[in-house]
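To start, the structure under review is shown below, and the notes come after it.
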Amino acid sequence: MAAYRLRRANLEDARSIAEINAAAWRETYVGLMSAEALASIDLDDWMRRWLERIGSSEDDQAVFVALEDEVPVGFARCSRQSNPKLVPLGFDGDIASIYLLRRVQGLGLGRCLMTRLAEHLISIGCASAAVWVLRDAAEARGFYETLGAAPLGVEGVWEIAGAVLPDLAHGWRDLRILAEAAGASRNLSRQPHQ
């Protein structure tokens, strides 16, 4: 039986996070991004970026890693909001990213990661938060909406790896709603995802 837990990421996790990030993109964005873009991911570059994020002296950001039998299988990152479209709307927290390998989705890890993000943002004084989600990623939109996020009517584009993808902002006006909704499944499933 697998054992799952979450912890704050450290510098030694940068390579694993970059690998999970790339694998999750390849599993999640098939059909949304070109095969060439997905194949051209530079893991060394991504590892450098994760080293910078995790090693940042910025207290407002946090990176958490999800572990299966002590092996990283997912991660999430949050910080203060800096998006010029969302700050004026009163969203002071940013859910920057959350990715899990497909084989561990549906076990409650995503909800637990969202709880950690909400708790961190609340601890630094944020009352609300927003997340950008690809317009055509219905499953991801559904995940956030199940946790109480509402579409904000704010659109953007994500320019990445040669692709221009439309995205939408979703948000929580009250982070306590996210913490409560996500925290409802604090007991992680011990059975591997079938």
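Check K85 against each of (1) assigned to a helix (DSSP H, G or I); (2) modelled with pLDDT of 95 or more; (3) surrounded by fewer than 19 Cβ atoms within 10 Å (Cβ to Cβ) and name the one condition it does not meet.
Single failed check for K85: (1).
In this structure, is S16 of a type in the set (S, T, Y) and farther than 20 Å from R116 by Cα?
Taking the combined requirement at face value, the residue does not satisfy it.
Out of the residues in the stretch 34-62 that are small (G, A, S) and part of a loop (DSSP other than H, G, I, E, B), state the one that is modelled with the highest pLDDT. First the steps, then the outcome.
Within the stretch 34-62, the subset small (G, A, S) is 34-35, 37, 39-40, 55-57, 62.
Then keep just the ones that are part of a loop (DSSP other than H, G, I, E, B); that gives 34, 40, 56-57.
Values: S34: 79, S40: 79, S56: 84, S57: 77.
Of everything passing the filter in the stretch 34-62, S56 is modelled with the highest pLDDT.
List the number of the failed condition for V71; all other conditions in (1) at pLDDT below 95; (2) closer than 26 Å to D42 by Cβ hold.
(1)
Please list, ordered by first then second residue, the pairs with beta carbon atoms under 8 Å, 6 or more apart or interchain, first in the stretch 18-38 and under 17 Å from V164 (Cβ atoms), second aromatic (F, W, Y) and surrounded by 15 or more Cβ atoms within 10 Å (Cβ to Cβ).
Close Cβ pairs (under 8 Å, with a partner that is aromatic (F, W, Y) and surrounded by 15 or more Cβ atoms within 10 Å (Cβ to Cβ)) amount to W25/Y99; M33/W25; L38/W25; L38/Y29.
Sort out which residues of the stretch 1-20 are assigned to a strand (DSSP E or B) and in contact with a helix residue (DSSP H, G or I) (Cβ under 7 Å, 6 or more places away or on another chain), and write them in order of number.
Correct list: Y4, L6.
The values are calculated or read from the model by the stated rules, or taken from the named source; none is laboratory data. None of these values were measured; they are calculated from a predicted model. Methodologically, a virtual Cβ is constructed for each residue, glycine included, from the backbone with ideal geometry; neighbour enumeration extends over all protein chains shown.
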